[in-house]
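**Q** Encoded as structure tokens, here's the structure I'll be asking about.
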Amino acid sequence: MSVLNKIWTALRGGVREMGDAIVDSNGIRIFEQEIIDAKNSIQQAKTNLTEVMARKMQAERKVSKLVEDIRTHEGYASKALDQSDEALALEVAGKIATFEGEKREQDAIVARLTGQVEQLKAHIKKAEKLIADHERELSIVRTTESVQKATEQVVENVAANNSTLNTARESLERIKARQELKQDQLEAGELLDKEFAGNDLDSKLEEAGIKGETASAADILARIKAGKQ
């Protein structure tokens, strides 16, 4: 059982590492999608806000209508009293009380909706500011990633070019060495030709008795004596 638990733990660890790798490799895409989702949420919040504002406007219209009804019925009650019809005036007063009760309810609704509207507006403004900040950050991380990729590509190209240049330099050195060897061979051949040509001439001169005669010891001694006289 312990072995199975360890295997299961290892599998869960592998899945987590795989998930982390996917998240890391798609970080910018995920961040961008999260911003899009947040924008959609704000748009939905604005739609909800318009609904709340519409309900508030309806409640305010009801309040205005009730105020008008109360004022009108107060006039009716006053006229009934002028006619000494207190019973009718009392009945009208009861109607006014109903209107005032409804008005208090609508006033409470208006107050509650007003608070909700202000709260929603504050949340939306805060969210929009946060999204704007995230969009600026997204632009920065995109630019940073582009620069890093470009730098990495340049480094790879330079490394590849250096390898190519090194290979080309080696080839050039081999060519130069081969050419120098060929030049040395040509010069050596010329020297040999001259040397062999000179030896042939010396042989001909010696055969003709023009060159190559060696003075004898007697001749040398006679030359020395002549020099002393």
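**Q** Could you tell me which of the residues ILE96, ILE131 is of a type in the set (Val, Ile, Thr), surrounded by 14 or more Cβ atoms within 10 Å (Cβ to Cβ) and within 30 Å of GLN58 (Cα to Cα)? Let's see the steps before the verdict.
**A** Details: ILE131 fails: within 30 Å of GLN58 (Cα to Cα).
The match here is ILE96.
**Q** As an exercise: evaluate VAL117 against (1) under 30 Å from ILE30 (Cα atoms); (2) in contact with a Lys or Arg (Cβ under 9 Å, 6 or more places away or on another chain); (3) among the β-branched types (Val, Ile, Thr) and give the number of the one condition it does not meet.
**A** Of everything listed in (1) under 30 Å from ILE30 (Cα atoms); (2) in contact with a Lys or Arg (Cβ under 9 Å, 6 or more places away or on another chain); (3) among the β-branched types (Val, Ile, Thr), VAL117 misses just condition (1).
**Q** Taking region 33-76, which residues are of a type in the set (S, T, N, Q) and either over 18 Å from HIS123 (Cα atoms) or in contact with a Cys (Cβ under 8 Å, 6 or more places away or on another chain) (or both)?
**A** GLN33, GLN58, SER64, THR72
**Q** Go through region 51-91 and report how many residues are closer than 20 Å to GLY101 by Cβ and of a type in the set (S, T, N, Q).
**A** Count: 3.
**Q** Could I ask something else about it? Got a sec? Which of ASP107, ASP37 is out of contact with any Ser or Thr (no Cβ under 9 Å at 6 or more places or on another chain), surrounded by 14 or more Cβ atoms within 10 Å (Cβ to Cβ) and of a type outside the set (A, V, I, L, M, F, W, C)?
**A** Values: ASP37 fails: surrounded by 14 or more Cβ atoms within 10 Å (Cβ to Cβ).
Among ASP107, ASP37, only ASP107 is out of contact with any Ser or Thr (no Cβ under 9 Å at 6 or more places or on another chain), surrounded by 14 or more Cβ atoms within 10 Å (Cβ to Cβ) and of a type outside the set (A, V, I, L, M, F, W, C).
**Q** Restricting attention to region 176-206, report how many residues are of a type in the set (Gly, Ala, Ser) and at pLDDT 65 or above.
**A** Looking only at region 176-206, we keep the residues that are of a type in the set (Gly, Ala, Ser), and these are 177, 188-189, 197-198, 203.
Checking the rest, the ones that are also at pLDDT 65 or above come to 177, 188-189.
Selection size over region 176-206: 3.
**Q** Just to check your reading of the model, which residue among LYS62, LYS121 is among the basic types (Lys, Arg) and under 30 Å from GLU34 (Cβ atoms)?
**A** One residue alone meets the criteria, LYS121.
The values are calculated or read from the model by the stated rules, or taken from the named source; none is laboratory data. Being a predicted model, the structure only gives us computed values, none of them experimental. All Cβ positions, glycine included, derive from the backbone under ideal geometry; neighbour counts span all protein chains shown.
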